[in-house]
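J.: Sharing a structure, written as structure tokens. Questions coming.
The values are calculated or read from the model by the stated rules, or taken from the named source; none is laboratory data. In this text the structure is predicted, and so the values were computed from the model without any measurement. No Cβ is skipped: glycine too gets one built from the backbone with ideal geometry, and neighbour counts run over all protein chains shown.
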Amino acid sequence: MIAPVVNYWWPGFPSNLSTEAYYFQLPQDQWTLRVAHYAPWLTYWWNTQNWFPASAVAAGRAEVFSSQDLEIIANEEFCSGQLRAYPMQQGNFESLHRDMMVGFGRWEFDPMDMEINPIPDGGGSVHLWHGEEDQMVPVTLQRYIAKKLPWVKYHELPGKGHMFPLIPEISQSMIKALLYDEN
């Protein structure tokens, strides 16, 4: 998993930690997450209407990116359109709004209750990569998950933001870690 969203409402988080991480987000993103959690059927409307500010993350506003992310986005190869279009190939609704509804909606279980590796007989592992300077997904919650779930192999990348998989050396090392996993 690469810097996956974390649901601030998972009961396994200490309330002070999830509250602090939640308020790390821009106010308009806090409102967007509330809508996705409490009224998921309004998520698309919320992000497409013009009365209230929609998600800064969904809009790709500069203030949600780290300085390294902005360098990557300014890169000619990224701007060519191919890298930019790939994550959105299913359209905004499926790529952004449904992700918000699923990621921040109500879950039937708490992932932090999964103390035993869910992969049978230890036949694999879950790797979690996260940029230390990610301003879209708070790193503090990922650190907590990695401590709570010993079967998760956590890779925190110092000085990296949310867009680090677009750095060829990092994406190659991620693939190697998956292919040569000792478990």
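J.: Consider only pairs whose beta carbons are under 6 Å apart and that are at least six residues apart or on different chains; among these, list those whose first residue lies in segment 3-19 and is more than 20 Å from Glu115 (Cα to Cα) and whose second residue is of a type in the set (Asp, Glu).
T.: Close Cβ pairs satisfying both conditions: Ala3/Asp134.
J.: Considering each residue of segment 21-46, count those that are of a type in the set (S, T, N, Q) and surrounded by fewer than 21 Cβ atoms within 10 Å (Cβ to Cβ), and give that number.
T.: 2
J.: Also, I was wondering about something else. Can you pull out the residues in segment 45-59 that are closer than 17 Å to Gly161 by Cα and either among the aromatic types (Phe, Trp, Tyr) or modelled with pLDDT of 80 or more (or both)?
T.: Selection gives Ala56, Val57.
J.: Sticking with this structure for a sec: Could you list all residues from segment 124-151 that are part of a helix (DSSP H, G or I) and over 22 Å from Pro27 (Cα atoms)?
T.: Arg143, Tyr144, Ile145, Ala146, Lys147, Lys148
J.: While we're on this one: Name the residue that is surrounded by the fewest Cβ atoms within 10 Å (Cβ to Cβ), counting only residues in segment 96-120 that are hydrophobic (A, V, I, L, M, F, W, C) and within 19 Å of Pro40 (Cβ to Cβ).
T.: My answer is Phe109.
J.: Also: Give segment 60-97 a look and list any residue that's closer than 17 Å to Val137 by Cα, assigned to a helix (DSSP H, G or I) and modelled with pLDDT of 80 or more, or say none.
T.: Ala62, Glu63, Val64, Ser67, Gln68, Asp69, Leu70
J.: Residue check, Val139 against (1) in contact with a Phe, Trp or Tyr (Cβ under 8 Å, 6 or more places away or on another chain); (2) modelled with pLDDT of 90 or more, all met but one. Which one?
T.: Evaluating Val139 over (1) in contact with a Phe, Trp or Tyr (Cβ under 8 Å, 6 or more places away or on another chain); (2) modelled with pLDDT of 90 or more leaves (1) as the failure.
J.: In addition: Which condition number in (1) at pLDDT below 90; (2) out of contact with any Leu (no Cβ under 6 Å at 6 or more places or on another chain); (3) not in a loop (DSSP other than H, G, I, E, B) is the one that Asn117 fails?
T.: Result: Asn117 fails condition (3) only.
J.: Output the residues belonging to segment 29-56 that are touching a Ser or Thr at 6+ places or on another chain (Cβ under 8 Å) and either over 19 Å from Trp9 (Cα atoms) or part of a loop (DSSP other than H, G, I, E, B) (or both).
T.: Correct list: Trp46, Asn47, Ala54, Ser55.
J.: Turning to a different aspect of this structure: All but one of (1) on the phi > 0 side of the Ramachandran plot; (2) modelled with pLDDT under 90 hold for Asp181; which doesn't?
T.: Only one criterion in (1) on the phi > 0 side of the Ramachandran plot; (2) modelled with pLDDT under 90 is unmet by Asp181, namely (1).
J.: Taking the residues in segment 152-183 that are under 19 Å from the mean Cα position of the chain (by Cα) and in a loop (DSSP other than H, G, I, E, B) as candidates, determine which candidate is farthest from His130 (Cα to Cα).
T.: Ile167
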